[in-house]
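Chemist: Mind having a look at this structure? Questions to follow.
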Amino acid sequence: MLLDLRFSKKPLRDVYDTVRSFKPDIVGISAITLEAELMHHIARTVKRVSAGIPVIAGGPHATIFHDEILADDAVDIAVIGEGEETFIELLDVLDHKSGLSSVHGIAYKEGSRPIKTPLRKLIDDLDTLPFPAWDDIDRENYAHVKSSSVARIGPYMPLFTSRGCPFHCTYCHNIFGKQFRSRSVSNVLGEVDTLVKRYGIRDFEIMDDISNFNSQRFKCILRGIISMNQGIRLTFPSGIRADIADEELIGLMGQAGTKELTVAIESASSRIQKLIKKNLDIEKVKDTIDRAAEAGIFVKGNFMIGFPDETEEEIVQTIDFACNSKLHVAAFFIVVPFEGTELTEQMKKEGKLRTLIEYKDYDFYAMPFNGSAVPDRRFFKLYKHAYRRFYMNPKRLLRILKTRPLWKLAIAMGIKVLMYSLFNVRGNTAVKLDGVDDI
């Protein structure tokens with residue numbers, strides 16, 4: 001049974017009632033760090049029903065913070081990294097009550113002492129993984145929840161065509177490794193064809209870290225989608241590497257039904273690009289944005305401010321780039337140093353890392369961090385100024401209005417983000433949880 005708590009108004013009560021009625025042999029919880037507080041509450045709720053049910057944590061948070069997770073008596077095991085093969089082995093070991101030490105890619109407890117097994121080798125052949133169990137979810141529900149894309153129109157499915165990114169950006173995670181691993185073209189098109197014909201899905205969010213790293217392979221996928229002639233719509237909320245996208249690729253993306261493309265630029269400063277080891281060619285990025293906009297694709301730009309030792313002039317340079325571009329929408333994120341990244345070590349060395357960090361601080365719209373050389377008060381004014389200047393532009397509003405039927409979504413998003421940036425100076429507050437004390 002899969003329980004997606006995004007659909008729940010009272011998540012902990014639903015967990016409690018479901019565990020009582022379903023009586024699972026094991027409970028797995030996947031979470032990102034921003035969801036960690038809720039993850040621990042879920043684990044404790046499970047144990048409240050039955051202390052003997054093993055609780056396994058997985059996902060990005062468990063991969064990075066496995067020691068901290070295991071300090072909670074309600075969590076028994078953490079799965080580190082890719083979980084498909086690890087979880088199958090783990091279930092076999094638990095079923096036969098044999099030693100956990102034989103399972104690579106986990107952390108567990110012996111008494112109160114955390115034990116970490118050797119890391120599991122990444123899955124080389126992604127085609128060996130079966131398609132997701134779509135019949136086990138309420139697919140219609142996903143047409144009514146917020147997705148990663150601004151321009152989503154109808155019921156959708158996320159689609160991963162590859163894993164891993166060979167670049168070494170200092171702020172980025174390493175969950176899927178630095179080796180680019182891709183599914184075959186036929187495997188990807190087979191999944192798309194199944195979702196179209198069996199489930200009537202025509203909107204797809206491509207979630208790869210860098211789907212266009214192998215440009216020829218990516219073009220073959222796009223040509224295959226074009227040849228299906230099924231009215232498919234694509235969005236790329238995780239973006240592509242914009243400075244390696246040629247004119248042919250952008251044309252094929254348009255022909256394949258691409259409605260939205262995110263371009264992760266981060267900074268327009270060449271010095272900052274070198275500092276964060278992204279090394280984007282900014283002029284080529286600008287050309288990609290121009291071509292995509294001219295092809296009728298709704299283009300979103302992602303930017304980050306607050307890198308170590310970043311000057312006010314460099315922040316303004318990034319804002320200038322965004323405002324002078326043909327982007328339809330833009331998001332300006334405060335740099336967040338995640339545990340295990342090179343960026344975190346940089347900020348530690350410069351004394352820019354706060355000593356008391358809560359899980360809710362790992363929010364790109366929150367403002368607990370400022371690694372720049374700009375004083376805090378001025379830094380936050382620049383953050384608000386970026387949104388005001390970008391969205392209070394009549395020419396941009398006109399450009400958005402030309403993207404029908406997406407303009408309502410775009411304007412709504414622009415207003416929401418603008419209001420958020422102007423009036424929410426702290427970012428997310430703690431997760432509001434329903435209580436289970438009265439159960």
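The values are calculated or read from the model by the stated rules, or taken from the named source; none is laboratory data. For clarity, every value in this text was computed on a predicted model and none was experimentally measured. Counting neighbours? That spans all protein chains shown, and the Cβs are built from the backbone with ideal geometry, glycine included. Calculation scope for accessible area: heavy atoms of the full protein, side chains included, ligands and nucleic acids excluded. Shrake-Rupley method; radii C 1.70, N 1.55, O 1.52, S 1.80 Å.
Chemist: For the list (1) open to solvent by 50 Å² or more (accessible area, probe 1.4 Å); (2) at pLDDT below 85, I need the number of the one condition that Pro368 fails.
Modeler: So Pro368 meets the others, but not (1).
Chemist: Restricted to the range 168-190, and to residues that are in contact with a strand residue (DSSP E or B) (Cβ under 7 Å, 6 or more places away or on another chain) and not in a loop (DSSP other than H, G, I, E, B), which residue is most open to solvent (accessible area, probe 1.4 Å)?
Modeler: Ser182
Chemist: Looking only at strands (runs of 3 or more DSSP E) that fall completely inside the range 20-123, which ones have 2 or more residues that are buried (at least 17 other Cβ atoms within 10 Å of the Cβ) and out of contact with any Leu (no Cβ under 9 Å at 6 or more places or on another chain)?
Modeler: Here the list reads 27-30, 55-58.
Chemist: For the range 348-365, how many residues are open to solvent by less than 50 Å² (accessible area, probe 1.4 Å) and modelled with pLDDT under 75?
Modeler: Count: 1.
Chemist: Kindly indicate whether any position in the range 324-335 is more than 19 Å from Tyr387 (Cβ to Cβ), surrounded by fewer than 19 Cβ atoms within 10 Å (Cβ to Cβ) and at pLDDT below 95.
Modeler: No, because not a single residue in the range 324-335 is more than 19 Å from Tyr387 (Cβ to Cβ), surrounded by fewer than 19 Cβ atoms within 10 Å (Cβ to Cβ) and at pLDDT below 95.
Chemist: Name, by its number, the condition in (1) closer than 19 Å to Pro114 by Cα; (2) touching an Asp or Glu at 6+ places or on another chain (Cβ under 9 Å) that does not hold for Lys47.
Modeler: (1)
Chemist: Which one of these is surrounded by fewer than 16 Cβ atoms within 10 Å (Cβ to Cβ) and of a type in the set (S, T, N, Q): Thr311, Thr341, Thr288?
Modeler: Thr311
Chemist: Condition first: of a type outside the set (A, V, I, L, M, F, W, C), more than 22 Å from Pro166 (Cα to Cα) and surrounded by fewer than 17 Cβ atoms within 10 Å (Cβ to Cβ). Now tell me which residues in the range 209-229 satisfy that.
Modeler: Matches in the range 209-229: Arg223, Ser227, Asn229.
Chemist: I've got another one for you. For Asp193, indicate whether it is surrounded by fewer than 20 Cβ atoms within 10 Å (Cβ to Cβ) and either acidic (Asp, Glu) or under 17 Å from the mean Cα position of the chain (by Cα) (or both).
Modeler: Judged against the criteria, Asp193 is a match.
Chemist: Select, from Ile244, Ile206, the only residue that is closer than 22 Å to Leu280 by Cα, open to solvent by 50 Å² or more (accessible area, probe 1.4 Å) and aliphatic (A, V, I, L, M).
Modeler: Just a single option satisfies the conditions, and that option is Ile244.
Chemist: Consider Met157 against the criteria (1) assigned to a helix (DSSP H, G or I); (2) open to solvent by 10 Å² or more (accessible area, probe 1.4 Å); (3) aliphatic (A, V, I, L, M): it satisfies all of them except one. Which criterion is unmet?
Modeler: Failed condition: (1).
Chemist: Looking at the structure I just gave you, is Cys165 in contact (Cβ under 8 Å) with a residue 60 or more places away in the chain, within 19 Å of Val263 (Cβ to Cβ) and in a loop (DSSP other than H, G, I, E, B)?
Modeler: no
Chemist: Residues in the range 135-149 that are open to solvent by 20 Å² or more (accessible area, probe 1.4 Å) and touching a residue at least 24 places away in the same chain (Cβ under 8 Å): how many?
Modeler: Selection size over the range 135-149: 7.
Chemist: Checking Ala386 against (1) surrounded by fewer than 19 Cβ atoms within 10 Å (Cβ to Cβ); (2) under 17 Å from Lys300 (Cα atoms); (3) modelled with pLDDT of 85 or more, which test does it fail?
Modeler: Unmet for Ala386, out of (1) surrounded by fewer than 19 Cβ atoms within 10 Å (Cβ to Cβ); (2) under 17 Å from Lys300 (Cα atoms); (3) modelled with pLDDT of 85 or more: (1).
Chemist: Just the residues that are within 14 Å of Gln317 (Cβ to Cβ), out of contact with any Asp or Glu (no Cβ under 9 Å at 6 or more places or on another chain) and open to solvent by 60 Å² or more (accessible area, probe 1.4 Å), please, taken from the range 247-273.
Modeler: Ser270
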